Amino acid sequence: MERKGFSKENGKMLCDSVPVEDLVREYGTPLYIYSGGLFEENLLRFKEAFKELSPLICYSVKSNSCGALLQLVKQNGLGADIVSGGELYRALRVGIPADSIVFAGVGKTRSEIEEALEAGVYLFNVESIPEAQEISEAAGKLGKTARIAIRVNPDVKADTHKHITTGTKENKFGIDLEVAEKYFQQINELPHLELIGVHCHIGSQITDVAPYVNAMKRVVRFVNMLREEGIHIKVLNLGGGYGVAYHPEENPLDLITLGKELKKILEGLDCQIIMEPGRFISAPAGILATRVIYVKEGIKKTFVIIDGAVSEFIRPVLYDGYHEVEPIQDKQGRKNKVVDVVGPICESGDFFAKDRELQEVQSGEYLAVRDTGAYGFAMASNYNSRPFVSEVVVYDRNHYLVRQKNTYADLVKDEILVSEWQ
């Protein structure tokens with residue numbers, strides 16, 4: 001049986017049975033490589049874990065918006081969670097039905113709102129009264145009714161990085177539960193809106209079931225209170241944040257246990273459930289393959305300098321993110337050494353691993369940064385005028401170049417020189 005994802009066989013890294021070294025030799029480095037098989041398998045695992053809730057599962061496009069992977073989302077019957085007009089365009093481009101798209105985010109512009117209304121998205125997740133007013137006005141102008149859910153903040157602190165917690169009073173997201181009833185009443189009176197749902201998202205990279213359970217208990221009580229006040233809630237959006245195991249000593253979120261707990265909490269609520277997974281599906285399905293440029297021996301440290309950089313993958317410095325780094329091809333007889341794996345960009349934050357034990361490597365050899373399928377290419381930049389890198393998807397033993405590496409000309413194609421200065 002073919003193994004899905006990334007594995008080692010006789011010291012050689014494989015992606016869905018295809019040697020990774022073959023891919024880097026054909027397509028160059030830095031290179032994002034995705035296991036289409038594991039991506040799809042994770043989709044199906046998620047569907048299976050929560051099947052008794054009969055949810056509308058909306059894949060979080062922001063985690064990885066690669067068109068070929070979005071095609072797999074569409075083919076497996078999932079919807080999309082979007083946060084911009086660009087993500088709406090990407091989802092519609094691959095055929096994800098508009099009526100299975102949920103539009104989230106705190107700062108939707110008027111043009112984005114109108115684009116979503118024209119497309120016929122299923123639901124807007126609303127975060128404030130001014131936003132609800134803007135959607136109301138846009139819908140009225142277009143002669144439409146906008147379905148909305150209001151995002152509430154249950155003040156549940158999840159054990160995750162401060163930059164990706166979203167469910168406490170200090171965060172910019174949602175409306176605090178203690179004042180939310182008043183907001184619901186005000187928004188419910190606006191014309192051209194159909195207030196049908198409550199949305200809750202407490203953070204990202206959560207690997208413990210307890211915060212979800214605590215948040216949902218509070219939200220269910222709130223839904224029942226709204227119904228007593230005459231606001232009929234038909235949709236409950238549980239959000240996302242389902243965590244993965246980046247570190248060997250970590251465990252991913254136990255989906256089966258969470259599914260059982262949620263079933264008990266939501267029993268009899270009679271709501272359409274929406275879930276918005278992203279990282280859980282895409283993170284383990286990707287690596288960033290890089291080439292060693294130099295090995296620099298310092299007085300206190302050894303630096304393995306690679307051709308990948310923070311411009312390709314920002315998680316280690318932005319989120320203190322841990323990612324396994326390993327040779328694409330192990331070499332027999334080599335010792336391990338404690339090193340820093342760093343990139344070529346002129347920033348001290350341009351690193352992938354610090355004080356990490358790694359098999360000794362030499363210039364020209366290849367390393368893989370693991371679990372980079374989420375918030376990797378999606379957060380890439382052209383800092384230091386570095387072109388965007390290629391992306392490759394391996395699926396059913398075939399490999400497909402799904403994004404061509406940019407050229408230097410691509411870096412400046414949208415710039416306009418001032419003719420008077422020439």
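Laboratory data are not the source of any read-out in this text; all were calculated from the coordinates shown. Since we're looking at a predicted model, the values are computed, not measured. Counting neighbours? That spans all protein chains shown, and the Cβs are built from the backbone with ideal geometry, glycine included.
For the reader, a short list of remarks on this structure follows.
- Dipole magnitude of the chain, debye to nearest 20 (Cβ charges: Lys/Arg +1, Asp/Glu -1, about Cα centre): 520 debye
- The modelled label-to-label distance between Gln422 and Val317, using points 7 Å beyond Cα along the C-beta direction, is 3.5 nm.
- Top of Gln332, Gln362, Gln71 by mean-square fluctuation, Gaussian network on the chain, Cα under 10 Å: Gln332
- Chain lengthening between Arg218 and Glu189 when straightened (0.36 nm per residue, less Cα-Cα): 8.0 nm
- ³J(HN,Hα) computed for each position of segment 28-40 - Karplus, 6.51 cos²θ - 1.76 cosθ + 1.60, integer Hz, glycine/proline x: x, 9, x, 8, 7, 10, 10, 8, x, x, 6, 4, 5
- Point-to-point label distance, Ser111-Lys264, nm (Cα→Cβ direction, 7 Å offset): 5.0 nm
- Full-extension gain in nm, Asp254 to Gln362, via 0.36 nm per residue minus C-alpha separation: 34.9 nm
- Candidates Gly278, Gly333, Gly239, ranked by Gaussian network fluctuation over the chain, Cα under 10 Å, top entry: Gly333
- Of all DSSP beta bridges in the chain, antiparallel share, percent nearest 5: 50 percent
- Whole-number Å³ per residue for the convex hull built on Cα positions in the chain: 170 Å³
- Per-peptide average of other Cβ atoms within 10 Å, ordering 222-229, 340-347 highest first: 340-347, 222-229
- Theoretical FRET efficiency, 1/(1+(r/R0)^6), r = Cβ-Cβ of Thr302 and Ala378, R0 22 Å, to 0.05: 0.10
- On full extension, the segment bounded by Glu415 and Val338 gains 23.4 nm, given 0.36 nm per residue less the C-alpha separation.
- Rounded, prolate or oblate (a/c below 1.5 giving rounded, otherwise prolate when a/b exceeds b/c) for segment 36-282 by Cα gyration tensor: oblate
- Long pairs among Lys51/Lys182; Lys8/Lys335; Lys47/Lys405; Lys8/Lys51; Lys108/Lys260, criterion Cα-Cα beyond 24 Å: Lys51/Lys182; Lys47/Lys405; Lys8/Lys51; Lys108/Lys260
- Amide H contacts of Ala374 (H built 1.01 Å from N, under 5 Å, at least 5 apart or other chain): Ala283
- Look at the alpha carbon pairs under 8 Å that are at least 6 residues apart: their mean separation over the length of segment 199-240 gives a relative contact order of 67 percent.
- Using C-alpha pairs below 8 Å separated by at least 6 residues, the relative contact order for segment 173-254 is 39 percent.
- For segment 205-218, backbone phi angles converted through the Karplus equation (6.51, -1.76, 1.60; θ = phi - 60°) give residue-by-residue couplings of 6, 9, 10, 10, 5, 4, x, 5, 4, 4, 5, 5, 4, 5 Hz, Gly and Pro being listed as x.
- Leading residue at positive end of dipole, segment 36-282 (Cβ point charges), from Gly37, Phe103, Gly203: Gly37
- Highest GNM mean-square fluctuation among Lys217, Lys47, Lys182, for the chain modelled with Cα contacts below 10 Å: Lys182.
- Per-residue HN-Hα couplings for segment 327-337 [Karplus 6.51, -1.76, 1.60; θ = phi - 60°; Hz; x = Gly/Pro]: x, 5, 10, 5, 10, 5, x, 8, 8, 8, 8
- Computed over the chain, relative contact order equals 18 percent, with contacts defined as Cα pairs under 8 Å that lie 6+ residues apart.
- For the listed peptides 116-124, 382-390, a ranking on the average number of other beta carbons within 10 Å per residue, highest first, reads 116-124, 382-390.
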